[in-house]
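*Asks:* What follows is a structure written as structure tokens; I'll ask about it next.
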Amino acid sequence: MTASWRTKILRVASHAAALAATVLVAGVVVSPLAVKANEAELVLPLAIPAHVAQLRLQPALGATAVPVEPGQQPLTDALLANYVKRQQQLRAVEVTPEGPQAPLNAEMLMGYIARGSFSGSNPALSAIDSFMAPAARPRPSVTPDLLAAYIESGYQPTAKRVEIANAERECLAQAIYHEARGESADGQLAVANVIVNRARSNRYPSSLCGVIYQNADKGRHRCQFTFACDGRDNTPRERQAWARSMALANDVYAEFATGEEIGALPRSALFYHTTAVRPSWSNTYNQVAQVGAHVFYSPN
């Protein structure tokens, strides 16, 4: 081989080696970029912890429970409590990048039961569903006769009931203000207690306004409470005393409406007078208490 051919071969080999080196360097530089681009697009869920995976494999009553046919497992307090506890444990574990799931509530639990009962693969869910379904099925329909009986039994629209309640509180506040605004809180409560006692007895009207304004339409000084028929303007003039009377009336009316005892006097106390007078009827009744400037009596 001549010197000129050796020179040509060496020159070609040199160019080939340079080209191979260039390709190698480009591959080393570009490869990490491609890997990083692929990693940016790839999102994998976090691995489920081993103790959570083990927990999910346990049956509803624990690892030693004997499996039964779907829907045949009796629903007990222990079963339901165990199921709820297990769901709470599962939901409290952070297995996704978004963090722990929302707290388990009654609506979510009912959703689990509804979904689980379709497949029949979970005995606990099937048992709970079969237990609850019978209670939800009987739904008596509203018939014209049923609705008519309801109306005849004393039905009143909501607006009417609100109007009556406001009027009852107003009447009671007027009585407290005019009969005992100078008394202590206990003295005012005792006067209100007598009014409630009368409304609950069968001797007087059944409403607070009826008790307070009984016989007020028969002329002056014919009613049970002097302010109700003395011919004077009953508009409260003392703002602070009126505010106290209204606050007490709200509390007492709530107890009256719900049937609670007022507690200031016995339920038998139906009469009172101030210590400034001594009416003849006071000798025929039993004195049960004296609170402030008022003496209270029960019939014999």
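Results for (1) within 23 Å of VAL288 (Cβ to Cβ); (2) in a helix (DSSP H, G or I), shown as yes or no for each residue.
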position: LEU172; (1), (2): yes, yes
position: ALA175; (1), (2): yes, yes
position: LEU189; (1), (2): yes, yes
position: ALA228; (1), (2): no, yes
position: TRP242; (1), (2): no, yes
position: LEU248; (1), (2): yes, yes
position: PHE256; (1), (2): yes, yes
position: ALA264; (1), (2): yes, no
position: ARG267; (1), (2): yes, no
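*Asks:* Also, quick follow-up: Which of the residues spanning region 269-300 are part of a strand (DSSP E or B) and over 16 Å from ALA180 (Cα atoms)?
*Replies:* ASN286, GLN287, VAL288, TYR297, SER298 - these are the residues of region 269-300 that are part of a strand (DSSP E or B) and over 16 Å from ALA180 (Cα atoms).
*Asks:* To continue, here is another question. Within region 212-222, work out how many residues are farther than 19 Å from ARG169 by Cα and surrounded by 15 or more Cβ atoms within 10 Å (Cβ to Cβ).
*Replies:* Quick first cut of region 212-222, residues farther than 19 Å from ARG169 by Cα only: 215, 217-222.
Those left that are additionally surrounded by 15 or more Cβ atoms within 10 Å (Cβ to Cβ): none.
Qualifying residue count for the region: 0.
*Asks:* Determine whether ALA228 is assigned by TED's automatic domain parsing to the domain that holds ALA167, in contact with a Ser or Thr (Cβ under 9 Å, 6 or more places away or on another chain) and aliphatic (A, V, I, L, M).
*Replies:* Judged against the criteria, ALA228 is not a match.
*Asks:* For region 234-268, which residues satisfy the criterion of being among the charged types (D, E, K, R) and closer than 15 Å to GLU179 by Cα?
*Replies:* ARG237, GLU238, ARG244, listed by residue number.
*Asks:* While we're looking at this one, here's another question. Just for region 198-211: of the residues that are in contact with a Leu (Cβ under 7 Å, 6 or more places away or on another chain) and either surrounded by 22 or more Cβ atoms within 10 Å (Cβ to Cβ) or hydrophobic (A, V, I, L, M, F, W, C) (or both), which one is nearest to PHE271 (Cα to Cα)?
*Replies:* That would be ALA199.
The values are calculated or read from the model by the stated rules, or taken from the named source; none is laboratory data. Please read all numbers here as calculations on a predicted model, not as lab measurements. Glycine gets a Cβ as well: all are built from the backbone with ideal geometry, and neighbour counts include every protein chain shown.
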